1. Go through the stretch 267-293 and give me each residue that's touching a helix residue (DSSP H, G or I) at 6+ places or on another chain (Cβ under 9 Å) and away from the ligand (no atom under 11 Å from the Cβ).
2. Filter the stretch 344-378 down to the residues that are charged (D, E, K, R) and assigned to a helix (DSSP H, G or I), then identify the one that is most open to solvent (accessible area, probe 1.4 Å).
3. Could you list, in sequence order, all residues of the stretch 330-343 that are open to solvent by 40 Å² or more (accessible area, probe 1.4 Å) and under 19 Å from LEU253 (Cα atoms)?
4. For the stretch 297-343, enumerate the residues that are part of a loop (DSSP other than H, G, I, E, B), over 22 Å from THR362 (Cβ atoms) and in contact (Cβ under 8 Å) with a residue 40 or more places away in the chain.
5. Can you run down the residue pairs with Cβ atoms below 9 Å, 6 or more apart or on separate chains, where the first is in the stretch 246-261 and more than 19 Å from THR319 (Cα to Cα) and the partner is modelled with pLDDT under 95 and within 9 Å of the ligand (Cβ to nearest atom)?
6. Residues in the stretch 129-188 that are open to solvent by 30 Å² or more (accessible area, probe 1.4 Å), in contact with a Lys or Arg (Cβ under 7 Å, 6 or more places away or on another chain) and in a strand (DSSP E or B): how many?
7. For ALA79, work out the one condition from (1) open to solvent by less than 60 Å² (accessible area, probe 1.4 Å); (2) out of contact with any Asp or Glu (no Cβ under 6 Å at 6 or more places or on another chain) it doesn't fulfil.
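The values are calculated or read from the model by the stated rules, or taken from the named source; none is laboratory data. Computed from a prediction, not measured in an experiment: that's the story for all the values here. For neighbour counting, all protein chains shown are included, and Cβ atoms are generated from backbone atoms with ideal geometry for every residue, glycine included. When the accessible area is computed, the model is the full protein with side chains, heavy atoms only, and any ligands, DNA or RNA have been set aside. Shrake-Rupley method; radii C 1.70, N 1.55, O 1.52, S 1.80 Å.
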Amino acid sequence: MPTCAALIVAAGRGQRFGGNLPKQYAPLRGERLLRRTLRAFSTHPGVQRVMVAIHPDDAATFAETAEGFPGVEAVHGGATRQDSVRLGLEALAKSAPDVVLIHDGARPMVSAALIDSIIGALDSAKGVLPVVPVIDTLKRVDGARVGETVPRENLVRAQTPQGFQFADILAVHRQFAGQALTDDAALLERAGLGVVTVPGDETNIKVTTMDDLARLTAALSETRVGQGFDVHRFGPGDSVWLCGLKVPHTHGLVGHSDADVALHAGTDALLGAIGDGDIGQHFPPTDPKWRGARSDQFLKHAYGLLTARGGTLVHLDFTIICERPKVGPHRDAMRASVAKILGVEEHRISVKATTTEGLGFTGRQEGIAAQAVATIRI
Ligand code: MG
């Protein structure tokens, strides 16, 4: 087995990205892009060293980003990507590896399989380039005017990591220092040394814009479902609260708060989807603060916990179980009410009702039960 080092280029300032931090330090589902990149290489059994070219201003942020990954070293990069790579290679040269994988810090989705494939191809190649096909038709434009269609045959898009025999890539970086070339394989090409391709990976994208980050976040999110159930008994009164709506009735519902059985089930459904306990834990019935409280704040609180974790509500589906009052005439208003409490579109809320055919406690009109199912992306 050849000895292998990874050289991660993370010295850029990310001017194309916007935001306060260079893009490689932006969080992706709560973890910095660069930390994800470092993990991919530092935990790969075929990679013995990880050298990272960083900007001197980022030293403290980098130290925090690399925490817990043994064997990760840093070197100050230069003014251009090419300078940073050369400085990184020089830092590795003191105990030179046989081969080196040069990778963009802002490509956090690099897979172990792709790393394997590049190391494998270096058995018989000077340079290895992962490529993906060009699918879209290519046009050359002059401002908004289309000039011509560019033939797409034999065109591919180059990704990283690009793999090289260490001595070769160090030699060409020294030879061509100061001559701006777009990637490391281009230096080998210029020196007339053969570079071969291996299939890249469409998910191995380079995060350049906020849109890229949003797409990656969506791709990494998962769907979860939470359910809630609640019951309140009838007592004296002339109306019941259901889905944040006051509905006239011959009785009220008994409860510590406003006894909105539907919103309580909805709150538990949201809490269930994020695995954060239940309504009784967040709003103890023993706490006088919640006496007579409106339940919309319980639902809002649970929704706030969801969004604080980066989650979004896909759908919240209620079933109200009772003989009386009739829910049908209020269904649309209930749906609108929940949508308004949460500030989401009405199509994300559903309110259904059923009786139990006169059976059980709801059939005997002793109270109302409600179920809710929340579907979220997080
Ligand atoms: Mg309740």
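1. Of everything in the stretch 267-293, those that are touching a helix residue (DSSP H, G or I) at 6+ places or on another chain (Cβ under 9 Å) and away from the ligand (no atom under 11 Å from the Cβ) turn out to be ALA269, LEU270, LEU271, ALA273, ILE274, ASP276, GLY277, GLN281, HIS282, PRO284.
2. My answer is GLU346.
3. Within the stretch 330-343, HIS330, ARG331 qualify.
4. To start, the set of residues in the stretch 297-343 that are part of a loop (DSSP other than H, G, I, E, B) comprises 309-311, 322-327, 343.
Now restrict to residues that are over 22 Å from THR362 (Cβ atoms): 309-311, 343.
Listed by number, the residues that qualify are ARG309, GLY310, GLY311.
5. Every condition considered, the pairs that remain are GLY255/PRO285; HIS256/PRO285; SER257/PRO285.
6. 7
7. Condition not satisfied by ALA79: (1).
Okay, residues lined up against (1) touching a helix residue (DSSP H, G or I) at 6+ places or on another chain (Cβ under 9 Å); (2) among the aromatic types (Phe, Trp, Tyr); (3) open to solvent by less than 10 Å² (accessible area, probe 1.4 Å):
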residue	(1), (2), (3)
ARG29	yes, no, no
THR43	yes, no, no
GLN48	no, no, no
MET51	yes, no, yes
HIS55	yes, no, no
ALA63	no, no, no
PHE69	yes, yes, no
